[in-house]
């Protein structure tokens, strides 16, 4: 290269350096202005956040003062008649309160007063429409033994207006006994206007918003501007969560007073930096190339380590890139996938048309869901698996869309976990329902014992009166027998209830030695009448060498009674016909020895008695037989689904087992075992 040419190149480079220096100075000035503005804005933002925190603290303090004032209200006004006057005085000085109510423990209204500043609040809609929120607040207050708030709700007013209200429920306790609830209805706008520092809010906007940003109540606002400072603070009370939002207009600020000094210093340092940049330019370029290669290697390693499948496609739907996770997911190598188009090899054959239509919609430029969508893929071996696809436009360095980038998540494990959670939730619900049934059983046993005892006492007294009457005034023997039967059944009902209560409380049950014939005779009067109505013949078969059993007599009688009634209900009228000879319910008992290895054979050589109840009804369908002993499963329109489950529990507590099998030629046989006495 000739010298003039070299000088021209050097001159051009020099001008480029001066141009770079000028641009650097301009950039520094812009950065200084930006930093100054950011500093002032950050300071104002910090002040605004401090003010909104102070305002939230004032609101909490005001609400707590009101709670203390309301607690003292019942000490000066113990009756509903004397309560209204101090309640009216409190409403007159507390504008944030729009209504005070005194309700009993069942939330029935005892006394109330409306705020004089908000007349006709409940004229448009009745007060009962707000009771669900009130019940929620009072339930939380009872559980916490203190005040609790309800979520806010909108209450319409005449003229198309309305207020955002919130209920505060405070339990009333006098001499250690609950006397109901004191309910205070707050207006969110009143809370903002009465419980805040107005001097602090001058020139600022204040509002209550929901967690999603929905504005609930507005006290003040600022003119609409493009530049606003916003600060939020969470107010979390018992049962109520609100966001306090404060807005302030951004002020215009000037430059720092020492900008010129800073610029001169920066310019001086920039001149030296430009000289150093000339020598470092080549070294930086080499370093940049090395760093670029390292960054590419790092990105490659990161993509290879991902468990999320990545797939890139061009605007025609052809695949341009897949990562190893995606290849492992679908079971195809990368060289087979790159360049392939529609239909994709991982699409299930029966869903190809549906996927092609969906693909055409996406390629047409329609907006994609941000949260993605679920689909089904097929691996190379033919197995199906659910996936979640999240897709976004692929933009190049010029800002032009060149295709689509997709992230694919294998949802197989998540589906399995969801299924396990669903099964666990169902088991928890069944357990809760069983606990409720136990509570009901305990309550019924407590409530029914007294009337049953009264019936037994009356029948005993009546029999004694008949025994003392003259011979000519004695009633017929059938009447005396019926009265005696009434007393026996009342006494038996009492024993059943006591046994159920002991069973629910898991108490040690009293065992006695009873013969199978005595068990069958005890339930005979209860099932003969039903058998006679349905034209069913009862047959009892007790082996001659059958010993007595050791059991809780009352509970085992209930098991036999339940199985016998189920057997008769399985043979409805006309099915099977009476002339077929199958309308027979058989109850039998015979001695057996348990199979080796079962729990019942723990006592070596012990004899057991097997009871069987056989019907000739329609039998059990396979899907019904699988769930027969499941709690709350029933095939009856009015059944609870607890009978067979409780029967199995009773037999298992005796060490035996309750099973069922088909009967011949039709029907079902229920068998259970009890230990011999």
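Side notes on the structure shown:
- Screening 167, 139 for residues that are without any contact (Cβ under 8 Å) to a residue 40 or more places away in the chain, in a helix (DSSP H, G or I), on the phi < 0 side of the Ramachandran plot and in the same structural domain as residue 77 (by TED's automatic domain parsing) leaves exactly one candidate, 139.
- Of all residues making up segment 383-402, the number that are surrounded by 14 or more Cβ atoms within 10 Å (Cβ to Cβ) and over 18 Å from residue 355 (Cβ atoms): 2
- Top-ranked residue in segment 545-574 [being more than 22 Å from residue 593 (Cα to Cα) and part of a loop (DSSP other than H, G, I, E, B); ranked as modelled with the lowest pLDDT]: 574
- Segment 92-125: number of residues that are under 18 Å from residue 69 (Cβ atoms), within 35 Å of the chain's Cα centre (by Cα) and assigned to a loop (DSSP other than H, G, I, E, B): 1
- Members of segment 70-79 that are part of a helix (DSSP H, G or I) and either surrounded by 14 or more Cβ atoms within 10 Å (Cβ to Cβ) or at positive phi (or both): 70, 71, 73, 74
- Note on segment 308-335: residues that are assigned to a helix (DSSP H, G or I) and either touching a residue at least 60 places away in the same chain (Cβ under 8 Å) or surrounded by 13 or more Cβ atoms within 10 Å (Cβ to Cβ) (or both) total 8.
- Residue within segment 98-106 that is surrounded by fewer than 17 Cβ atoms within 10 Å (Cβ to Cβ), in contact (Cβ under 8 Å) with a residue 12 or more places away in the chain, under 24 Å from residue 180 (Cβ atoms) and in the same structural domain as residue 134 (by TED's automatic domain parsing) present: yes
- Scanning segment 646-666 for residues that are in a loop (DSSP other than H, G, I, E, B) and either touching a strand residue (DSSP E or B) at 6+ places or on another chain (Cβ under 8 Å) or more than 20 Å from residue 584 (Cα to Cα) (or both) yields 654, 655, 656, 657, 663.
- Residues that are surrounded by fewer than 19 Cβ atoms within 10 Å (Cβ to Cβ) and in a strand (DSSP E or B), drawn from segment 142-154: 153, 154
- Test for residue 133: is it farther than 17 Å from residue 179 by Cβ, loosely packed, with under 14 Cβ neighbours inside 10 Å and touching a strand residue (DSSP E or B) at 6+ places or on another chain (Cβ under 9 Å): no
- Selection status of residue 174, out of contact with any strand residue (DSSP E or B) (no Cβ under 8 Å at 6 or more places or on another chain), assigned by TED's automatic domain parsing to the domain that holds residue 135 and free of Cβ contacts under 8 Å to residues at least 12 places away in the same chain: no
- Selection status of residue 638, modelled with pLDDT of 75 or more and assigned by TED's automatic domain parsing to the domain that holds residue 545: no
- Being in the same structural domain as residue 135 (by TED's automatic domain parsing), over 30 Å from residue 72 (Cβ atoms), at pLDDT below 85 and under 30 Å from the mean Cα position of the chain (by Cα) holds for only one residue in 213, 160, and it is 213.
The values are calculated or read from the model by the stated rules, or taken from the named source; none is laboratory data. These numbers were taken from a predicted model, which means no experiment stands behind them. Glycine gets a Cβ as well: all are built from the backbone with ideal geometry, and neighbour counts include every protein chain shown.
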